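The values are calculated or read from the model by the stated rules, or taken from the named source; none is laboratory data. Only a predicted model underlies this, so the values are computations on that prediction, with no experimental measurement involved. Cβ coordinates were reconstructed from backbone atoms using ideal geometry, including for glycine residues, and neighbour counts include every protein chain displayed. Just so you know, the surface numbers come from the protein's heavy atoms only, side chains and all, with ligands and any DNA or RNA stripped out. Shrake-Rupley method; radii C 1.70, N 1.55, O 1.52, S 1.80 Å.
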Amino acid sequence: MKYIVALDQGTTSSRAVIFDQNGSMVAKHGIEFPQIYPKPGWVEHNPMDILNSQITSLKMAVEKSGVDVADIEAIGITNQRETTLLWERSTGKPLCNAIVWQCRRSAPLVERLKKDGLGNMLRDATGLIPDAYFSGTKLQWLLDTISGARKRALNGELCFGTVDCFLAWHLSAEKVHVTDASNAARTMLYNIYDQKWDERLLRAMNIPAQLLPEVVDSSRVIGHLDKSILGREIPIASMAGDQHAALFGQGCFAPGMAKNTYGTGCFVLMNTGKTPVRSSNELITTVAWRIDGQPRYALEGSVFVGGAVIQWLRDEMKLIEKASDSEAIAMSVPNNGNVYFVPAFTGLGAPHWDMYSRGTIVGLTRGTGRAHIVRAALESIAYQTADVVNAMSADSGMKSTVMRVDGGASANSFLMQFQSDILGMRVLRPKVLETTAMGAAMLAGRAVGMWNDRELEKLQTADREFVPNMDDVTRNNLLKKWNRAIERSRGWEIEEE
Ligand code: ADP
């Protein structure tokens with residue numbers, strides 16, 4: 001038996017997951033590392049925490065599995081996206097902490113780009129919405145702030161990279177400085193149409209090109225694991241951002257295929273094939289992955305509050321004890337009792353886009369009980385997802401009949417059935433819910449010839465399928481009321497005079 005190890009470097013933990021050649025998970029190990037909050041709205045990671053936790057989790061997973069290192073064919077990397085690192089080319093030493101994707105410190109730099117009239121150009125080149133979330137202005141901020149950094153960058157003394165790139169550099173014997181096209185697409189510096197770093201954007205953010213990694217395929221041997229780690233050089237054969245890897249790990253290879261990850265928030269990605277689709281609903285256009293030099297594109301939309309609404313019911317409202325209790329409680333009533341819950345705790349994202357919306361529960365009567373509120377909260381996750389999926393269909397002209405699901409809240413079968421009903425689509429929950437790691441493993445296994453395209457399609461199998469079972473009249477009535485609830489949540493917060 002041969003094996004592939006996926007390194008899944010996430011925002012709060014680094015994990016290593018081992019798959020055998022049948023695609024079965026053999027072992028996994030995860031290690032949490034500290035979050036650093038130097039000021040309100042700022043988030044950092046210590047790069048050495050990222051690296052060391054990743055190396056230790058790799059060693060631990062291999063040890064747990066009992067797998068012979070000689071039988072590991074390849075290693076794949078998938079990672080938290082957009083997080084920005086800067087290190088010295090001669091020593092690999094980080095110049096500073098990593099600025100994490102959530103960090104808002106470069107928001108004023110984004111405002112300046114917009115004021116300078118670059119918003120549309122940026123959208124057209126990168127497919128992104130100008131935001132501090134992406135790497136570009138984070139890197140600009142570092143070069144502006146660290147004394148002498150820009151000069152050293154011009155001299156070629158420094159390397160910039162996202163987490164995939166940093167890990168590839170440090171884990172590889174060759175010290176390669178590469179990033180894959182899916183990660184490059186999140187930097188706000190990369191032209192997803194030309195597949196090149198965009199000189200106009202580099203100029204606008206005052207970023208020397210000498211800093212930048214080479215952009216490579218997502219499924220390709222880019223170097224070899226340093227022998228000091230597992231005692232043997234092993235090909236490092238894939239890199240992809242976490243959501244992109246999950247799309248691949250869900251087997252969404254054809255245009256129109258989509259997945260949703262139900263975590264704290266929800267991430268919906270739809271494969272749009274060889275054509276990048278420009279959204280009219282402010283969804284993001286991104287590179288899904290690049291294989292054999294060919295980029296495949298995706299539309300991406302996120303729901304800010306997904307599973308987090310269930311955490312809120314548990315931790316703040318104390319309406320439930322465990323997240324999983326929500327399923328039985330929701331099913332204890334025959335319907336939502338006309339109660340709608342818009343969990344716009346931080347405003348509303350695509351396709352509603354209202355940063356002044358706030359959480360709203362409407363339709364309360366004397367007969368409303370705990371179960372109605374819990375049910376309305378679960379339903380809200382499905383409505384918000386449906387709004388994003390419907391916007392994607394409108395943008396792309398592709399109407400999918402199936403949605404693949406993963407993430408913590410996808411374990412909730414009431415939610416999955418309701419999602420299927422409200423979308424009028426089949427919902428497929430796979431056997432291996434570790435789809436991000438699975439995707440990285442699949443991309444790596446493909447690169448070293450362990451799996452061909454036909455075999456890849458068979459690796460992921462459904463654990464359970466949910467089939468829509470709601471008539472159009474009921475669905476339309478529910479959606480109509482949901483939209484009325486959305487209207488009532490809008491514009492609640494006003495800026496102080
Ligand atoms: P993340 O990766 O964002 O931390 P996870 O994929 O681990 O998230 O999912 C955790 C989220 O899913 C939490 O917000 C939790 O409230 C929610 N969740 C977990 N289990 C259930 C369940 N059975 N029903 C509803 N929500 C759930």
Quiz item: Cα convex hull of the stretch 58-175: mean projected area in nm², to one decimal?
Solution: 9.8
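What number results when the radius of gyration of the stretch 188-330, computed over Cα atoms, is divided by 2.2 N^0.38 Å? Could you put the intermediate results ahead of the total?
Working: Rg = 19.8 Å, N = 143, 2.2 N^0.38 = 14.5 Å.
My calculation over the Cα atoms of the stretch 188-330 gives 1.37.
Efficiency by 1/(1 + (r/R0)^6): what FRET value for Ser13 and Asp292, r their Cβ-Cβ distance, R0 = 30 Å, to the nearest 0.05? Walk me through the intermediate numbers first.
On the way: r = 32 Å, r/R0 = 1.08.
According to the calculation, E is roughly 0.40.
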Quiz item: Over all pairs of distinct alpha carbons, what does the Kirkwood formula give as the hydrodynamic radius of the stretch 103-146, in Å?
Solution: 10.5
Practice problem: Determine the distance separating the Cα centre of the stretch 228-273 from the Cα centre of the stretch 310-356; give it in Å without decimals. | Solution: 28
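Which whole-number percent of Cα pairs in the stretch 1-128 have a distance greater than 21 Å?
Values: 4428 of 8128 pairs.
Tail of the P(r) past 21 Å holds 54 percent of the pairs.
Find the Rg to Rh ratio for the stretch 319-374, where Rh is the Kirkwood radius over alpha-carbon pairs and Rg uses the same atoms.
Working: Rg = 13.2 Å, Rh = 12.7 Å.
Here the Rg-to-Rh quotient is 1.04.
So with the 1.4 Å probe, I'd like the accessible area per residue for the stretch 162-227, rounded to whole Å².
Working: 2070 Å² over 66 residues.
Computed with neighbouring chains in place, this is 31 Å² per residue.
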Quiz item: Could you give me the ³J(HN,Hα) list for the stretch 385-399, computed from phi with Karplus coefficients 6.51, -1.76, 1.60 and θ = phi - 60°, whole Hz, x at Gly and Pro?
Solution: 4, 4, 4, 5, 4, 5, 5, 5, 5, 5, 5, 9, x, 9, 10
Exercise. Sort Cys96, Cys159 from largest to smallest accessible area, using a 1.4 Å probe on the heavy atoms of the protein chains.
Key: Cys96, Cys159
Quiz item: Counting only the heavy atoms of the protein chains, how much of Lys39 is accessible to a 1.4 Å probe, in Å² to the nearest 10?
Solution: 110
Quiz item: Cα centroids of the stretch 86-102 and the stretch 432-467: how far apart, whole angstrom?
Solution: 33
Quiz item: Given Met188, Phe134, Asn206, which one lies farthest toward the positive end of the charge dipole of the stretch 119-226, if we put +1 on the Cβ of every Lys and Arg and -1 on the Cβ of every Asp and Glu?
Solution: Asn206
Quiz item: What translational diffusion coefficient, in µm²/s and rounded to a whole number, does the Stokes-Einstein relation yield for the chain at 25 °C and a viscosity of 0.890 mPa s, taking the hydrodynamic radius as the Kirkwood radius over Cα pairs?
Solution: 106
Quiz item: Give me the log10 of I(q) over I(0) for the stretch 371-497 at q = 0.09, 0.10, 0.22 Å⁻¹, as the Debye formula computes it from C-alpha points; what are the numbers?
Solution: -0.37, -0.44, -1.33
Quiz item: What fraction of the Cα pairs in the stretch 134-207, stated in percent, has a spacing above 21 angstrom?
Solution: 28
Self-check item: Zone residues, the stretch 371-405, relative to Arg426, backbone N less than 15 Å from point 7 Å out along Cα-to-Cβ
Solution: 400-405
Self-check item: Karplus-derived 3J(HN,Hα), 6.51/-1.76/1.60, for each residue of the stretch 358-364, Hz, glycine and proline x
Solution: 9, x, 9, 10, 10, x, 5
Quiz item: For Ala288, which sequence-distant residues (separation of 5 or more, or a different chain) have an amide H within less than 5 Å of its own amide H, given hydrogens modelled in the peptide plane?
Solution: Arg296, Tyr297, Ala298
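Taking every DSSP beta bridge with both residues inside the chain, roughly what % is antiparallel (nearest 5)?
On the way: 56 of 79 bridges.
For the chain, the DSSP antiparallel bridge percentage is about 70.
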Exercise. Starting from the Cα coordinates of the stretch 308-445, work out the convex hull volume and express it per residue in Å³.
Key: 142
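How many times 2.2 N^0.38 Å is the alpha carbon radius of gyration of the stretch 223-274?
Normalised Rg, Cα atoms only: 1.58.
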Self-check item: Options Phe160, Ile320, Leu459, ranked by Cα towards positive dipole end of the chain, top entry (Cβ charges)
Solution: Ile320
Quiz item: Using 7 Å Cα-to-Cβ label points, what is the Ala173/Glu63 separation (nm, one decimal)?
Solution: 2.4
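Pulled fully out, how much extra length does the chain show between Gln21 and Arg232, if you take 0.36 nm times their separation in residues and subtract their Cα-Cα distance? Let's see the in-between values first.
On the way: separation 211, 0.36 × 211 = 75.96 nm, distance 1.97 nm.
Separation in residues times 0.36 nm, less the Cα-Cα distance, equals 74.0 nm.
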Exercise. Measure off, as a whole percent, the carbon and sulfur share of the 1.4 Å-probe accessible area of the chain, all protein chains present.
Key: 50
Practice problem: Could you order Phe304, Phe466, Phe345 by accessible surface area, starting with the largest, using a probe radius of 1.4 Å? | Solution: Phe304, Phe345, Phe466
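Provide the net charge surrounding Val268, with neighbours chosen by a C-beta distance below 11 Å and charges set as Lys +1, Arg +1, Asp -1, Glu -1. Before the final figure, lay out the partial values.
On the way: positive: Lys259, Arg404; negative: Glu300, Asp387.
With Lys, Arg at +1 and Asp, Glu at -1, the neighbours total 0.
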Exercise. Relative to the compact-globule scaling 2.2 N^0.38 Å, provide the ratio for the alpha-carbon radius of gyration of the stretch 250-299.
Key: 1.15
Self-check item: Label-point separation in nm, Glu316 to Arg200, each point 7 Å along Cα→Cβ
Solution: 4.2
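Evaluate the charge dipole of the chain about its Cα centre and quote only its size in Debye, nearest 20, assuming +1 on the Cβ of each Lys and Arg and -1 on the Cβ of each Asp and Glu.
Values: 54 positive and 55 negative charges, 78 e Å.
Result for the chain is approximately 380 debye, rounded to the nearest 20.
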Exercise. Ignoring everything but the protein chains, give the 1.4 Å probe accessible area of Thr91 in square angstrom, nearest 10.
Key: 80
Quiz prompt | Hz values of 3J(HN,Hα) by residue in the stretch 261-273 - Karplus curve (6.51, -1.76, 1.60), Gly and Pro given as x | solution = 9, 9, x, 3, x, 10, 10, 9, 10, 10, 5, 10, x
